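Computed from the coordinates by the stated procedures, all read-outs in this text should not be read as laboratory data. Being a predicted model, the structure only gives us computed values, none of them experimental. Neighbour counts are summed over all protein chains in view; Cβ atoms, including those assigned to glycine, are modelled from backbone coordinates with ideal geometry.
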Amino acid sequence: MSTLLKLVEELNAGRLRVVDLTQPLHAETPLLMLPPQWNNTPPFRMWELSRYDDRGPAWYWNAFETGEHTGTHLDAPIHWISGKDLPDNSVDRLPTRTFIGPACVIDVTEAAAKNNDFLLTPDDVQRWEKTHGKIPRGAWVLLRAGWAERCGTPGYANAREDGPHTPGWSTECSKFLAHDRDVLGVGVETIGTDAGQAAHFDPPFSNHYFMHGSGKLGLAHLCNLDQLPPTGSVVIAAPLKIVNGSGSPVRAFAIAPA
Ligand code: MN
């Protein structure tokens, strides 16, 4: 049997399952809050066009507006200044092959509960690799931090007077994953792929800087990473084909062993 038909058979038999990695998209979807000197993104807004009524007697449909970086979404290389001149760097031009990649899930839930500003280091990654094997080229590296469960509470943005306090990647780690592991990108449960305090890193928002400068992607506001094994699942995340788009909401999901 062909690999693809086998895949469908395994899904039908329940030996493989589809794990939804996507948060609900609605007016209450949390947004990145930049300092007021910069433009912020509007919230997701939806309005009804008709619902089997005199505006359209047999059909229901809505229209919506959203920022590109609202809800569970993908960051393309053009999103950051370091990736602005790379080829095929906007969501409409990304090679479709990049919409599918194996997942490496690194669980830092305990460390992030103790230290909300926890930053993963290259040493942490190499320790993880001793148990689970080397991160393959073209993999999604997903940071499971116990943050998805905070969504809808003040602890999600975890903002204090000095800004948000959420876990992420050290500058060295972003460099290491982009250059030494040649990953497809990194994914997080938080609102953006940089740590809450990354405005103070050198360079600022260093994960964005090094990932997108290397042509890598980002996935933000993921959930259900606890349902994935450390290795052995495959993530599918395809952005809308927004012409010259810097990012897009996605329906991200993984195919994982049951
Ligand atoms: Mn983004």
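A few remarks follow.
- In a fully extended conformation the segment linking Asp182 and Thr121 would gain 20.4 nm over its present Cα-Cα distance, using 0.36 nm per residue.
- For segment 48-93 versus segment 170-210, the gap between their alpha-carbon centres in whole angstrom: 24
- For the chain, size of Cβ-based charge dipole, Lys and Arg +1, Asp and Glu -1, in debye: 640
- Value of Rg/Rh across segment 90-144 [Cα atoms, Kirkwood radius]: 1.08
- Förster radius 25 Å - calculated FRET efficiency between His200 and Lys84, Cβ distance, rounded to 0.05: 0.60
- Simple spin-label estimate for Glu28 and Asp162 gives 3.2 nm between the two label positions (7 Å along the Cα-to-Cβ direction from each Cα).
- Extending 7 Å from Cα along the Cβ direction at Thr96 and again at Arg55 yields two label points whose distance is 3.5 nm.
- Among beta bridges identified by DSSP and lying wholly in the chain, the antiparallel ones come to about 65 percent.
- Debye-sum result for segment 38-167 in log10 I(q)/I(0), which assumes one identical scatterer on each alpha carbon, at q = 0.09, 0.10, 0.15, 0.18 Å⁻¹: -0.46, -0.55, -1.06, -1.26
- Two numbers describe the Cα atoms of the chain: Rg and Dmax, which are 18.7, 64 Å.
- The slack in the chain from Ala238 to Arg17, taken as 0.36 nm per residue of separation less the alpha-carbon distance, amounts to 77.7 nm.
- Each of Glu149 and Glu65 was given a label point 7 Å from its Cα along the Cα-to-Cβ line. The distance between the two points is 3.8 nm.
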